[in-house]
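Colleague: First the structure, which I've put down as structure tokens, then a few questions once you've had a look.
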Amino acid sequence: MFLDLLFFPVTGPIGGLIWIGEKIQERADIEYDEAENLHKLLLSLQLSYDMGNISEEEFEIQEEELLLKIQALEEEEAENESESSL
């Protein structure tokens, strides 16, 4: 306990940097998972259409929704990268 207080000026900032790094990693994992899941849904939709389980109209509507979500996610990632480079 005493050593923790004594070394806090040195270990405090390091602990803060570690915490920030962990939060950045968590956010990156979440975004990667979102993009991966959207691509899997798009592939699943294509397979359903190819097998004749859904109509062409339904396929086009759902495909457009998924592509818009993927595009929005990619734009958000690009904005985050440009903000972090400033």
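Read the figures in this text as sums done on the coordinates, not as results from a lab. No experiment lies behind these values; they were computed from the predicted model shown. No Cβ is skipped: glycine too gets one built from the backbone with ideal geometry, and neighbour counts run over all protein chains shown.
Colleague: Once the Cα atoms of helix 2-50 and of the chain are each reduced to a long axis, what angle between those two axes, in degrees from 0 to 90 to the nearest 10, is obtained?
Modeller: Tilt relative to the chain: about 0 degrees.
Colleague: Using Cα atoms only, what is the angle between the long axis of helix 56-85 and the major principal axis of the chain, expressed in degrees (0 to 90) to the nearest 10?
Modeller: 20 degrees
Colleague: Efficiency by 1/(1 + (r/R0)^6): what FRET value for Glu22 and Ser48, r their Cβ-Cβ distance, R0 = 35 Å, to the nearest 0.05?
Modeller: 0.35
Colleague: Among (1) 1.04; (2) 0.99; (3) 1.82, which is the computed Cα Rg over 2.2 N^0.38 Å?
Modeller: Among (1) 1.04; (2) 0.99; (3) 1.82, the one derived from this structure is (3).
Colleague: Helix-only estimate, please: 222 nm mean residue ellipticity of the chain, summing -39500 (n - 2.57) across DSSP H runs of length 4 or more and dividing by its residues, to the nearest 500.
Modeller: Helix contribution divided over all residues of the chain: -34000 deg cm²/dmol.
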